[in-house]
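Asker: Attaching a single structure in structure tokens format; questions to follow.
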Amino acid sequence: MDIKVDVRESKGDSYVVDLNGEIDVYTSPKVKDAIGELIDKGHYNLVINLEKVRYIDSTGLGVLIGGLKRVREHGGTVNLVCTNPQIKKIFDITGLVKIFGIYDDEDAAMQALV
Amino acid sequence: MNQPVVHPQGTLGVVELRIPSKAEWVAVARLAVAAVANRLNFSIEDIEDVKLAVAEACTNCIQHAEGSGQIQITCETGPDGLTVRVCDFGGSARPEGIRSRRADEPTVGGLGVFLIRSLMDSVEYDVNPDRGTNLVMTKKVAH
């Protein structure tokens, strides 16, 4: 079980983090490091693409919440791309749908950043 | 809270697994329990629920039970569903580690137990500083 993390620059000063795999207590530090590195470099508008994420647990959610808290301190935001019904369900029952902007595709998530 | 639906006399089969109390082994536990759940008439969505609940329970053991070397996962399959026991043998399980809450405000941590309670039909905890934590959770099969 692993997670593949790819970071790419997008429009303006925004960045996209593509995640592919499973995010759990073992793999979430890798995601945390990637997001933290972007924020440390001053990039506060992020789209995290979860389309290829097959599984996420509370430690993965914690990493996303932590990233959102940090970028909000600088007036930025984190939008998510998520189409997997099981993962959407996790965001729904934890109430995180009220905190994150969750979109069906990357273009919509990117447009909502600006 | 609902009582567990599987009683010893109605148990169809028992599967036991013991993993090291380390993050890299949680995936093994959740996949093994998912395979057991797959033997019953659970929907794919229900199997995913069980998988996540078991992973959260194991993660809780790893994060909140200091000094535990092993986590034991016992699956009891019955005609009405699946009961999963997750036990650690930690010396100092911390009850605050199993507090449940929603994520209405953006803080990190504490979501695991909320997820377990949301995804399973019944959940019971026995937290003992000497024996460690024993979590029993049940998922009913929709007939």
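Asker: Quick one: count up the residues across the stretch B:32-80 that are under 26 Å from residue B:143 (Cβ atoms) and not small (Gly, Ala, Ser).
Answerer: The total comes to 24.
Asker: So, of the residues in the stretch A:98-113 that are loosely packed, with under 15 Cβ neighbours inside 10 Å and among the aliphatic types (A, V, I, L, M), which turns out to be modelled with the lowest pLDDT? Before you say what the answer is, go through the steps one by one.
Answerer: Residues of the stretch A:98-113 loosely packed, with under 15 Cβ neighbours inside 10 Å: A:98, A:104-105, A:107-108, A:111-112.
Checking the rest, the ones that are also among the aliphatic types (A, V, I, L, M) come to A:108, A:112.
Working: A:108: 96, A:112: 93.
Among residues in the stretch A:98-113 that are loosely packed, with under 15 Cβ neighbours inside 10 Å and among the aliphatic types (A, V, I, L, M), the one modelled with the lowest pLDDT is A:112.
Asker: Against the definition (out of contact with any strand residue (DSSP E or B) (no Cβ under 8 Å at 6 or more places or on another chain), among the aliphatic types (A, V, I, L, M) and closer than 29 Å to residue B:31 by Cα), how does residue A:93 come out, yes or no? Break it down stepwise before answering.
Answerer: Working: out of contact with any strand residue (DSSP E or B) (no Cβ under 8 Å at 6 or more places or on another chain): yes; among the aliphatic types (A, V, I, L, M): yes; closer than 29 Å to residue B:31 by Cα: yes.
Yes: the conditions hold for residue A:93.
Asker: Something else: Hey, among the residues in the stretch B:21-37 that are among the small types (Gly, Ala, Ser) and more than 8 Å from chain A (Cβ to nearest Cβ), which one's surrounded by the fewest Cβ atoms within 10 Å (Cβ to Cβ)?
Answerer: Of the stretch B:21-37, the ones among the small types (Gly, Ala, Ser) are B:21, B:23, B:27, B:29, B:32, B:34-35, B:37.
With the extra rule that they be more than 8 Å from chain A (Cβ to nearest Cβ), the set shrinks to B:21, B:29, B:32, B:34-35, B:37.
Numbers: B:21: 21, B:29: 24, B:32: 18, B:34: 18, B:35: 13, B:37: 26.
Across the stretch B:21-37, the extreme among qualifying residues is B:35.
Asker: Any residue in the stretch B:14-40 that's among the acidic types (Asp, Glu): show its pairings with residues that are not in a loop (DSSP other than H, G, I, E, B) at Cβ separation under 8 Å, as long as the two are six or more apart or on different chains.
Answerer: Close Cβ pairs (under 8 Å, with a partner that is not in a loop (DSSP other than H, G, I, E, B)) amount to B:16/B:72; B:16/B:73; B:16/B:74; B:16/B:75.
Asker: Here is a follow-up. Taking the stretch A:64-114, which residues are touching a residue at least 12 places away in the same chain (Cβ under 8 Å), among the charged types (D, E, K, R) and under 18 Å from residue A:8 (Cα atoms)?
Answerer: Hits for the stretch A:64-114 are A:105, A:106.
Asker: Quickly run through the stretch B:38-66 and pick out the residues that are under 15 Å from residue B:86 (Cβ atoms), buried (at least 20 other Cβ atoms within 10 Å of the Cβ) and over 13 Å from the mean Cα position of the chain (by Cα).
Answerer: Once the filter is applied, which keeps residues that are under 15 Å from residue B:86 (Cβ atoms), buried (at least 20 other Cβ atoms within 10 Å of the Cβ) and over 13 Å from the mean Cα position of the chain (by Cα), the stretch B:38-66 yields B:64, B:65.
The values are calculated or read from the model by the stated rules, or taken from the named source; none is laboratory data. Model, not experiment: these values are computed from the prediction. Every residue, glycine among them, receives a Cβ derived from its backbone with ideal geometry; neighbour counts consider all protein chains shown.
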